[in-house]
Each structure stands twice: as structure tokens, then as C-alpha cells.
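What follows is a short report on a single structure.
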Amino acid sequence: MDRQVAFRVFRFDPQSDSEPRFDTFTVEAREGMNVLEGLFYILENLDGSLAFRFSCRGAVCGSCAMFINGAYRLACKTMLRDLKEVTISPLGHLPVIKDLVVDMRPFYRKYESILPYLLPASEPPLKEYPQSPKQRHAINEMIDCILCGCCHAACPIVWTNKDYLGPAALTKAYRFVADSRDGAENERLALVSGPDGIWRCHTIFNCHEVCPKYINPTYSIQQLKRMAISRRLHFWRKNK
Ligand code: FES
């Protein structure tokens, strides 16, 4: 049975607005509807100028990440079910392009900086690159990252240091360090050990709490810290 849900939606067009505001819309919610479908209802029936991102509609692409009722979530994965009111803002700590659409370039620049691709130690085999189930298991969790940016937006270190690499990029760095096929461990540890890397993480776990794929970036960052310390001790012992 249809029921009405109030949507309070962040609105801001830097081209024409002097400051942001919240607009309220009444959405006729059907059984099984999610927040993304509520935004479509607004777009199609109430205000065709509302801007938001989406693609897969199935919690796979990460495009619809937003701040919904006090937490970073995927709009397509957040059901309207028992909600009477929904308050939505864009992902935090990224410039707003329009309404719920943010400029993801600062996020992707950090991601690119950790070399997010395999760097094998030797010439790769001509066919597939075999891994044992145990070796594959070591990277299972991190591979599920969809780069939605929820962890980055929820991280209090990102709030205070815009250059901090952040949980998504650091998790990806560990995903390659832990990959049996990768041969660039030293280079990767050097990349993440700088002043804006792993040592900035205060193990607050916000990233883990908001991840729609249930990944624990704090674990990956702690593993990188452990490896960076052992490497430093190893060189210190060798050279003393
Ligand atoms: Fe792809 Fe929501 S639209 S994750």
C-alpha cells in the first residue's frame, strides 16, 4: 500500500545559489521502494532540476553514495520501509557540483597515487596467473571495494587533513601488498608511509561502520603499519 514519506533534500548550485538550502518533497512510497527510487519520484513528478548520481541501482557501482539520515549509505540499498522522513545531503568533504552530485576528482587522485594495479615482480605467465585458495582468501575482502567514497567521507582524519590518503586508497594499497602476484611491496609501503599516509589513521573505525560492502579498511591500514614497522626494523638491524 502506498504511503507518504517526506524527503528533505540538500540543494545547491554553485553557479547560481549564494548558499545551500534544504527542499522538502512528499514522495508517494510504494512497497519495496528505496531512497534512490524516491529521488526518481521527485525528479519525474515534482522537480526535474534535482541532480543526483546513480548507475547500477543494485549496490554494485557505488555512484549513489550519499549522507542519508545521519549516515553515509548507498541510496539504492537504503529501503524506505519504516521511514517517515528522509534527510539527504551529498558525500562530505568533496566539492559540490550540484545538489547531491560531488566532484570525485580529489578522491580519485588519492586512489591513483597508490598505483591501483598489479605490478608483478617478473614477467607474468602467458595464460592465467594462478593463485591458491589461501592466497586468494588473503585479498577477498578488499577486492569487494566499489569506490563509493562512503569511508572517505566518514573519516574524521579526512575532515581535518584534505591530503590524507584516506581509507579507500589505503585499503586498495593493502589489497595489492597482500596479493601473492604483486611484486612491488617496498614501493607501495614507501608510498603509503608518507606524512599523509597510514600513520595519520587513529583507528576510529568510522570507515568500517559505513562500508556498504562490510569491508574493514582499519584492518588493512593496521596491516600496512605493521609491515612498514617490520621493514624499518629489518633495515635498521641490517645496517647497524
Ligand atoms: Fe550503483 Fe547505487 S546505483 S550502487
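The values are calculated or read from the model by the stated rules, or taken from the named source; none is laboratory data. All values reported here derive from a predicted model rather than from experimental measurement. In this analysis, Cβ positions are derived from the backbone assuming ideal geometry, glycine residues included, and neighbour counts consider all displayed protein chains. When the accessible area is computed, the model is the full protein with side chains, heavy atoms only, and any ligands, DNA or RNA have been set aside. Shrake-Rupley method; radii C 1.70, N 1.55, O 1.52, S 1.80 Å.
For the chain, the spherically averaged projection of the C-alpha convex hull amounts to 16.7 nm². Mean separation of Cα pairs under 8 Å and 6 or more residues apart, divided by the residue count, gives segment 63-206 a relative contact order of 25 percent. For segment 123-240, the square roots of the Cα gyration tensor eigenvalues, ordered a ≥ b ≥ c, give a/c of at least 1.5 with a/b no greater than b/c, which places it in the oblate category. GNM remark for the chain: springs join alpha carbons under 10 Å apart, and the peak mean-square fluctuation among Pro90, Pro20, Pro212 falls on Pro20. Ranked by the mean number of other Cβ atoms within 10 Å per residue, highest first, peptides 204-210, 230-236 order as 204-210, 230-236. Putting +1 on Lys and Arg Cβ atoms and -1 on Asp and Glu Cβ atoms, find which of His137, Leu91, Tyr214 reaches farthest to the positive end of the dipole of the chain. So the residue furthest toward the plus end is His137.
Think of each Lys and Arg Cβ as +1 and each Asp and Glu Cβ as -1; about the Cα centre, that makes the dipole of the chain roughly 1340 debye.
Which pairs break 22 Å Cα to Cα here: Lys110/Lys213; Lys110/Lys225; Lys98/Lys172; Lys110/Lys172; Lys172/Lys213? Checking Cα-Cα distances, Lys98/Lys172 exceed 22 Å. Can you classify segment 1-77 as rounded, prolate or oblate using the Cα gyration tensor, where a ≥ b ≥ c are the square roots of its eigenvalues, rounded means a/c under 1.5, and otherwise it's prolate if a/b beats b/c and oblate if not? Note, shape of segment 1-77 comes out oblate. Distance distribution P(r), segment 101-175, all Cα-Cα pairs, bin width 10 angstrom from 0: 16, 42, 26, 14, 2 percent. For the chain, Cys64, Cys76, Cys145, Cys148, Cys150, Cys155, Cys201, Cys211 stand unpaired, since no other cysteine beta carbon lies under 4.7 Å from theirs. A 1.4 Å probe run over the protein chains yields, for the chain, 55 Å² of accessible area per residue, whole-number rounding. Per atom type, the chain shows carbon and sulfur on 52% of its accessible surface, probed at 1.4 Å. The stretch between Asp13 and Leu119 holds 34.0 nm of extra length on full extension. This uses 0.36 nm per residue minus the Cα-Cα distance. Might you report the magnitude of the Cβ-based charge dipole of segment 1-84 about its Cα centre, with Lys and Arg at +1 and Asp and Glu at -1, to the nearest 20 debye? In debye, rounded to 20, segment 1-84 gives about 360. Over the chain, Cα pairs under 8 Å with separation of 6+ residues give a relative contact order of 17 percent. Across Ile157, Ile97, Ile229, mean-square fluctuation computed from a Gaussian network of the chain (C-alpha pairs under 10 Å connected) peaks at Ile229. Taking each residue as 0.36 nm, the span from Glu112 to Glu31 lengthens on full extension beyond its C-alpha to C-alpha distance by 25.1 nm. Mean-square fluctuations from a GNM of the chain, with a 10 angstrom spring cutoff on Cα atoms, peak among Phe52, Phe40, Phe107 at Phe40. Taking the charge dipole of segment 114-240 about its Cα centre, with +1 at Lys and Arg Cβ atoms and -1 at Asp and Glu Cβ atoms, the residue from Phe235, Ala168, Val158 reaching farthest to the positive side is Phe235.
Can you tell which of Gly183, Ile198, Tyr111 lies farthest toward the positive end of the dipole of segment 108-232, using +1 and -1 charges on the Cβ of basic and acidic side chains (Lys, Arg; Asp, Glu)? Comparing the listed Cα positions along the dipole, Ile198 ranks first.
Sequence-distant contacts, meaning Cα pairs under 8 Å at least 6 residues apart, place the relative contact order of segment 159-239 at 33 percent.
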